[in-house]
Structure formats: structure tokens, C-alpha cells
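The values are calculated or read from the model by the stated rules, or taken from the named source; none is laboratory data. The structure displayed is predicted, hence computed values, not measured ones. Positions of Cβ are backbone-derived with ideal geometry, glycine not excepted, and every protein chain shown enters the neighbour counts.
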Amino acid sequence: MENWSLVSICVLFGLTARWAVSLNSYSGAGKPPMFGDYEAQRHWQEVTYNLPVHEWYFNTTDNNLNYWGLDYPPLTAYHSLLCAHVAKLINPDWVELHASRGHESYGHKLFMRATVLVADLLIYIPAVVLYSFYLSEGSNKKKVCTVLCILLYPGLILIDYGHFQYNSISLGLALWGVVVLGLGWDVLGSLAFVLSLNYKQMELYHSLPFFCYLLGKCFKQGLAGRGLFLLVKIAVTVLVTFALCWLPFLSDPGQILQVVHRLFPVGRGLFEDKVANTWCSLNVLIKIKTILSTDTQLYFSLTTTLLAILPSSIKLLMKPTLWQFKLALVNSSLAFFLFSFQVHEKSILLPALPVCLLLNDLPLPAIWFLQASTFSMLPLFLKDGLLVPYVVTSLAFLFFSIYLLSAFEHCSEDKLRLGPYRRLLICMPRMDLGRVTKWKFYFSITAMAGLSFMSVALAPPDQLPDLFPLLVSVFSYLHFLGLLLYFNIVQIAEPLQSVRKNQKKSN
Amino acid sequence: LASVSLITALAVHCVVLLTMTVFSGYFSHSTDFEVHRNWLAITHSLPVSKWYHENTSEWTLDYPPLFAWFEYSLSHVAQHFDKEMLVVQNLIYTSPATILFQRLSVIVTDIVFIYAVKECCRSVREEKGSKDLLGHPFFILAALLLWNFGLLIVDHIHFQYNGFLFGILLLSVARHLQGRHLEGALLFTVLLNLKHIYLYIAPAYGIFLLRSYCFTKDNTDGSVRWSSFSPVRLVALGSIVISVGALSFGPFIAMGQLPQVLSRLFPFKRGLCHAYWAPNVWALYNMVDKALSVLGVRLKLLDVAKLPKASMTGGLVQEFQHSILPSVSPSITLICTLLSIMPAVLSIWCRPRGARGFLRCLVVCALGSFMFGWHVHEKAILMAILPFSILAVESREDAGIFLMLTTTGHYSLFPLLFTAAELPIKVLLMLLFTLYSFTSLKKLFRGSLLNPLETTYLLGLVAVEILCEVVYPLSPWQHTLPFVPLLVTSVYCSLGVSYSFIRLYVSLLRQHGTDKHKQL
């Protein structure tokens, strides 16, 4: 069969899965007075449609910031405005100022779900297809399989179509950045990434690799000549794009400060709820939140984050190739997730995107990470009533990815790039590390299944009401930490000289 | 290698099914959902003697006894999910546990279908040389059957046990293809006693078994050699049919309830067409009648007052009264059906072409009864589409007809899912299946399978869909003439189905002709 038809079938399959999930419940459905993310998005449509731009981020009589105040950058606000115009055409009640608060109806749910699907179809899915066809290696069939597996990643589907958010826009724009950079158009790539950064500030997790990759490229071309010209071009593009996005707010410094203040709410503490990062897991042993002051926490987390991303960034700066870039994206965003301040459980989607790009190269670790990331959001899914879609999409993803990418056949020590471990741990007994990895994978998947089952079926003991969410997040944290080390080692261990060419030849 | 890819297809099917089924718990619950729940309750809580007398719910038991026993056995599992669903008085009872049980029961019984598909794929003729797994005829057949759009939505979204029933049918066909005729006959008899709609294809079975099994030899020109008749084989067949029938209907005959059971099985009180006209000859007939009456009123040849009132809201009421053309009675539809399948049946009597000739005849019977039958449901088109898939992967001409038939037939199922939330699902699934069937068959036979006219007709379906489900609901006529989209759909689809029927017939008779020619 021709490629286009296979790809279309994969895309249609992905869309079917997405729409099937979207028939389920969303966050905060029927839970007044605050509802959930669904109501937040609807509320932003209401606010942006009815209020002038300079009131969007300010607490006014018509805009109560304590009730889902806008806390994303301007592109999100513009997107809400666009959706609001469409909503107004269909049913004016949906965006009526004040009166529409907490509006829930069958028609409105369909409309909101459709907006996610349209955004996904326009931004994320084309980027995935382009990436797989132009930037991943292997036969055409393999590329098609990659498309299908990336599109079936359960975490993104469940958060966007179940819980309700527009991650496919910010992640999609970042992916466009990667694709365009990979094709060699540096200016366009930086444009796409700045757009994604202006859609969600969390994209900062990806910003350092983008910066280092472009800077490294400039260095390579020689900062005295063409490199400088490239650097200026990129800098101008970034500044102009930023300026255009922030245009309505530039007139008044107070506006800019207020928006920035809304985007980075420092006062909200080191972490909220149960999230699978270092601070929350450490909190089991040491009560950091009570021991350290907020400022100390902030500096402490900033330092550890910087330390964690430093090695991969320096390496990327010295060797700006696409392969290094992808690994650095994983390492940087995962380090941010594990160590930075005020992390949400949903932010695991940011490392998950670059890990999706590694599905073709390192199938088993990538699948492992992606499944663990989905699992880490289990408490959220249970709260939203998404148990059944969680189970079904996870099973489908595991089956398709393991089978289509032949994950178990590609897990020799060599393929998994486990060589450095031998050198690091000389005293280790002789054993097949590939097989050990495979067994660890089996064990971990079984444990995830068991923990999922326990979270659903068993009642926690009275003294420990949060036992299962905590177990889930600590268990996922261990995975993330291990995989952060692994991906760092893979990245750092790659020799600076181009050995990859030799590898290709030997393959 | 072959088995590996087959396993893939099966596994994919399981995942798809699981997905569909579990999600479909959130879809609207169709009447068939309540029908089967009611049958569970009847068979579980009432003695056998009351099964066919019970009428608390309007959805009385109207399947043959073996299916009632099937429901009876399911009900023993059901009681562990939710006992309330087994109470006859609990009408329209849809607790989450009930939905889960019902949906899971469809998935689990689908195992029969999966096994049957595996057996069918084994009996497909393989071409040599094709290395590509996806290009193998058996893989394509597995995909066409397992991912069949119609079966998927009718069973797993709308709710019925067709996967289980078609599994038995396909298994029986596969047994005939493998030359295990007695097993095939046994399976078909069981099937008939599960759902009597398969009576429509019984002529193909009867004639084929009589001609090709009971007569062991042909003359050199292919005609029947009367001296080769084997009474032993006839007795064997007869005893299979009679013993299964006795097992199923025996108890009711003993209780003297046979007339009551039969009156439940064959309710001729219903109208010529279902509420939504299945795309067959009668849909065209109704349409012509309606057009003539409108024309007559316009030209002042007819008096509006004298016209039957119901005809103006046709499509919504069960009884459609013809205003110009003569009304059609059940016996007329029966005669038309018999006439339509007669040539095919005669053809396999005179020149049996093995199990494949039988399969073609079976498809013609299914399609003929769909075209001319009384009170046909749109779902009945699956009875032709599923067995036809086997022929479609073996011959180029059949592949072309198959594409026409499946695409129109599947599109005609769209009104089954009518809520706005289900619209994307049905469109996506339909596109998925249609795209797959077109590209895979095109690749298999290396070239285009449809002529420009057929392509145009099929593209017209897209226009019909947009018109009926997007444009029309926004127009002012939606409130005054709400039935127009259904009417347009069934009339447009009936053109395609009729065309496929005619082409199928032509192919059958042409084969008949060439066979004769060869022998001369």
C-alpha cells in the first residue's frame, strides 16, 4: 500500500481514539463552585470576549482573578478570543459575561471538544507526520509505525481530550520548531518555538536546548563571519515575534509586569498535590515545605535545576546535531520537571514530547518512559472519572508500540547504548544488561498495573488517606530519575567526533 | 510468517474492539440494548413455557429457541453483575453494571467470529511471490472482516450479537470451502435456530448440499449424474437438520406452543419498510410513488383530500400507504424474493462450481432478500457484505463490486447513530475502513477497480452526507420536513445497492455462460 494511505489510516485511527476519549467526562464536570480546567478555558473565552485587552490580566469588578484568572501568555488569550467568537456564533449564552459562569451542556461540551480536535489536527498531527517522515530513520513502514505510536501516546490524549487542555497547541508548535530546525531553517524554527513559548510559559522547559542548539550552530559557523549573521537573524526573529505577541501590552510597563506576575506565581509554593518530582518525593522523608522559607526553596530549586541541566546543555553547545538536540530536549525538560519550582503533574507531557521523538531510536526506554508518565497522572485521571479510557489507551499504546517498533528485539546492550555503564561500574558482575533491562521493564509494567488496580479497588487505611497517590508518584519518580540518568549518559557518552557516521556504516 | 501477521490482525481487532466497546458505554443506548436486556430477564426469571407468551415489554422474544437458550446461559453470568437487570418489570434498566455486562458479553462472544475469520483466511487462495505482509490476500481478508465498519457499529455501538452469529455463518462457509460439508451443515442449522433471518440464504445451502454433497459425481459436461446419488449422505444431512431442529423447537412442540412461537418469529403485522427505509427496491418504489403523487397534485390530476394522509409524513411512520402505485403485500415480496434468487440457485444446480460457486449464490440470496424482502432492516446488508469479502480478495471483478456494495451499504447504516457526538466517530471509522478497503484491494489487483461513473457515484455519498447532516439541519426545512435526509440517504444508497446486485448477477450468469461455452 502507498505511504499516504497508510499514514491516513494511522491518522484516522489516532483521531478516532481521540474522539472516543473525548466522549468521557472532563475535569470538574458538575462540581461547583470552582469546577475545573474545562471551566477555566470557557471562562477565559468569556473574559477575553467581553473585556478590553488591558483588563484581561487585572483583577477588576468584571474580572475576578481568583476565579480561574488568566495565567497563560497572550497567545492562549488570543486563542480563547478566537474560540469565543465561534462560540458566540453558535450560542451566545456560552460566553455571556458573569451569566455563563459554570455553564455546562451537551452542546457546549461538543463545541469545546471540537476546538481541541481542530487545533490538534491543524498543529500537532501534521508536525508528527512531518517529523516521522523527514527526520526519523528507517524504512517507510517504520516511519508509519512511528507516526501511529506517537499519535497514540495516552498521556497527551487523556489530558487534552479527557481532562481538557490545549497541550497539543504548545507541544505542537514546539515540535514544529524541532522539525523546522531539523530541516535546516533556523529562523523559522526559532519563530515556531517562540510562538509555543507564548502559548504556554511551561515551554521554558524546552528553551535551553533550543538556545544551545542555535548558539552552538552559530559557533560552528564561526562567530566572526556567517555565525554572527545567523545569530543576529535569529535574535531579531525572536525579539520581533515576542513583540508582536505582546503588542497590546507593550504600551504600559505595568501591564507587562502584571502579565509576568500572573505567569509565574511564585507564592504558590514548591509543589502542589502529589507530583512525581524530587521535592514531593523527598517530602515523604523530610518536610521541606515547613523547614525552608519560600525564598530559600526558590533558590534551592533553581540551583538544583541548573545543575541538572548543565551537562547536557554544554554537550549540546559543543555538538549541535539533531540527535544531541533531541536528547538535550529530554534531559532539560525532565530535569525541570524533577527539580524546578511549582511543577504540576501534567507538566510531564513536556518531557514526554521529546521522548516520543526517540521512539524510533531507543524504543524500549521511550515506551517505558511514556507509560510511566501516563501512570504518574493516574490520580488525576481517577479524579476526572477517566479510569476506563486510561486503561484502554494504555493497553493499546503498549501493544502497538511494543509490537510495531519491535521493542524487545532492539534491546541488546549495543542498541540500548548501555556500554558506558560497563565502564562506570567495573566491579559489576558479568551479565547481559539488555536482558536485565527487559526484565526490569516487565516488572515495572506489572507493578504499574498492580498499583493502578489497588488505587481503584482498595480503600486506603484511615491514617494514610493519600497512600495510593503517594505510592504512584514516588514509584513514577523513581522511573523518571532513572531515565534522566540514562538519557544523560546516552547523551554525554556520545563522542564529540562524528562516530555516528561509522555507526551508520556498520549498521 | 503468515500466522504471525494474522495474529497481529487479530490482536489489533481485539484492541479496537475493546476500545470501541468500552467507550461505547458512553454512547446513547439503542432500543436493541433494551431488547436484549429484556430477553435476559425473560429467559432467566420465567419458565420455558412462558418465554414466547410474555409481553410486559413491547420487545417480545422474537428469535428462535436456541437464541433464547443462549440468553438463558448469559443470564447466569449476568446475575453476578447486577440482579436487577434480570427482572422483567424493570423496563429500560441501564445501570453501569448492566451496560458493562452487555458490552462485555458482545466482546466475549466475538471470539467465535475471530476464530471463524482465522478459518476463512486459511482457505483463501494464496498468490506466490508477494513478500509484503500487508499485501497478502489472507491479511486483507482478515482486516476486511475484523475491522468491518458495519459490524463494528452495529454490534459495539448500536448493540447486537451479530459478531457471534456471523462467526457461525463464516465458520460454516469456511468448512464448506475446506470440504467438511457435514460440519458446515451442522453449523448452519444451529445458526438458523439462533436467528431465523438466515432462512433467506437457506436455499443456497439446501441446493448446494443436495447437488454437490448428495450427488457424488458429475457428468463430463458438469451436469448432474443421477446415478451417483448417495442416500447415506442424504440421511446424514437430514438427521443433522432434524435433530438440531428437534432440540430447539421440540420442547415447544411438546407443549403445543408451536403456533405461538411461529407467530412471534414471523410478525407480518409490521409494515413493508422499517421506520428508516432500508436501501432496497421498495425504497425506490416508495419514492416513485411519492414523486408521482406530488406530480399529480401539481398537475391537478389528483385531489389532495383523497390521498392517504400518512404518505405525506412517510419515512417516519411504519405503515407507508401508497397513493398511486398498488400497495405491496407480504406475499408479493416473497414471490419477488424467490424470483430474484431463482436463477442463482438454478445455476448452482446445473453447473456447480464448487464451494466458491455456492458462496456466490449465498451472497446473491442474501442480497436478493435484502432487495425484495418484507420489512427489511438496513443492518441486513451485512449478511451479503461479510461473506462477499472472501470472494473480493480472490477476483478483480468481485473486488470492484465489493467496493461499491460495502461503501453504499455501510453508508446506509449511518442513521443508526444519529447523535451529534457520534457523528465524528462514525465518519472516522467509515473513512478508516473505506480507505483501507480501497487501497488494499487496489494494491492487490494492481490497478483501478472502479470506472469513472462508479467513482462519481461514491463521491456523491460525501455530498449526501454533508447535505443531510450539516447543511440540512441548519435550514428552515428541518422543522417542517424532518424526514428528508433519511429519505435522500435511503434512495441514494438504494441506487448503489441495486447496481451492485445487478452486477453481481451479471458476473454469476456470465460465469455460467463461460462454463457452458468451455464444455461445448
Does A:Trp44 satisfy the criteria of being in contact with a helix residue (DSSP H, G or I) (Cβ under 8 Å, 6 or more places away or on another chain), at the interface with chain B (Cβ under 10 Å from one of its Cβ atoms) and aromatic (Phe, Trp, Tyr)? no
What pairs come out if I take residues in the range A:68-95 that are free of Cβ contacts under 8 Å to residues at least 40 places away in the same chain and pair them with residues that are outside any helix (DSSP H, G or I) and not polar (S, T, N, Q) whose C-beta lies under 7 Å away, six or more apart or interchain? A:Ala77/A:Trp56; A:Ala77/A:Leu70; A:Asp93/A:His103
Say whether the condition of being part of a helix (DSSP H, G or I) and either of a type in the set (Phe, Trp, Tyr) or exposed (fewer than 13 other Cβ atoms within 10 Å of the Cβ) (or both) is met by at least one residue in the range B:202-212. yes
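Regarding A:Lys383, is this residue at pLDDT 90 or above, more than 17 Å from the chain's Cα centre (by Cα) and surrounded by fewer than 23 Cβ atoms within 10 Å (Cβ to Cβ)?
Answer is yes for this residue.
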Taking first residues from the range A:334-358 that are on the phi > 0 side of the Ramachandran plot and second residues anywhere that are part of a helix (DSSP H, G or I) and charged (D, E, K, R), the pairs with Cβ under 8 Å that are 6 or more apart or on different chains are A:Gln342/A:Arg268
For the condition at pLDDT 85 or above and either within 30 Å of A:Val21 (Cβ to Cβ) or within 14 Å of chain B (Cβ to nearest Cβ) (or both), what is the one hit in A:Ser406, A:Ser452? A:Ser452
Which numbered condition in (1) away from chain B (no Cβ under 14 Å); (2) surrounded by 15 or more Cβ atoms within 10 Å (Cβ to Cβ) is the only one that A:Ala99 fails? (2)
Please count how many residues of the range A:18-39 are in a helix (DSSP H, G or I) and either within 18 Å of A:Tyr166 (Cβ to Cβ) or more than 10 Å from every other protein chain (Cβ to nearest Cβ) (or both). 7
Do we have A:Pro363 as more than 14 Å from chain B (Cβ to nearest Cβ), buried (at least 23 other Cβ atoms within 10 Å of the Cβ) and within 22 Å of A:Val178 (Cβ to Cβ) here? yes
Please verify whether A:Phe475 is among the aromatic types (Phe, Trp, Tyr), closer than 25 Å to A:Leu382 by Cβ and within 22 Å of the chain's Cα centre (by Cα), treating the condition exactly as stated. yes
Would you confirm whether or not the range A:266-273 contains a residue that is of a type in the set (Asp, Glu) and either free of Cβ contacts under 8 Å to residues at least 12 places away in the same chain or under 30 Å from A:Leu223 (Cα atoms) (or both)? no
Subset of the range A:40-70 (residues that are touching a Leu at 6+ places or on another chain (Cβ under 7 Å) and either farther than 13 Å from A:Gln165 by Cα or among the β-branched types (Val, Ile, Thr) (or both)): A:Glu46, A:Val47, A:Thr48, A:Tyr49, A:Asn50, A:Trp56, A:Tyr57, A:Asn59, A:Asp62, A:Asn63
Picking from B:Ser437, B:Ser448, which residue would you name as being among the hydroxyl-bearing types (Ser, Thr, Tyr) and over 23 Å from the mean Cα position of the chain (by Cα)? B:Ser448
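Rundown of residues vs (1) in a helix (DSSP H, G or I); (2) of a type in the set (Gly, Ala, Ser); (3) touching a helix residue (DSSP H, G or I) at 6+ places or on another chain (Cβ under 7 Å), yes/no style:
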position	(1), (2), (3)
B:Val77	yes, no, no
B:Phe81	no, no, yes
B:Glu84	yes, no, no
B:Ile92	no, no, yes
B:Arg103	yes, no, yes
B:Val108	yes, no, no
B:Val112	yes, no, yes
B:Cys120	yes, no, yes
Which listed residue is buried (at least 22 other Cβ atoms within 10 Å of the Cβ), touching a residue at least 40 places away in the same chain (Cβ under 8 Å) and assigned to a helix (DSSP H, G or I), from B:Gly167, B:Gly184: B:Gly167
With B:Ser475, B:Ser494 as the choices, which residue is free of Cβ contacts under 8 Å to residues at least 24 places away in the same chain and among the small types (Gly, Ala, Ser)? B:Ser475
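Being more than 22 Å from the chain's Cα centre (by Cα) and either of a type in the set (A, V, I, L, M) or within 14 Å of another protein chain (Cβ to nearest Cβ) (or both) is the requirement here; does A:Glu413 meet it?
Taking the combined requirement at face value, the residue does not satisfy it.
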Tell me which residues, restricted to the range A:334-354, are crowded, with 24+ Cβ neighbours inside 10 Å, within 21 Å of A:Leu302 (Cβ to Cβ) and under 8 Å from the mean Cα position of the chain (by Cα). A:Ile348, A:Leu350, A:Pro351
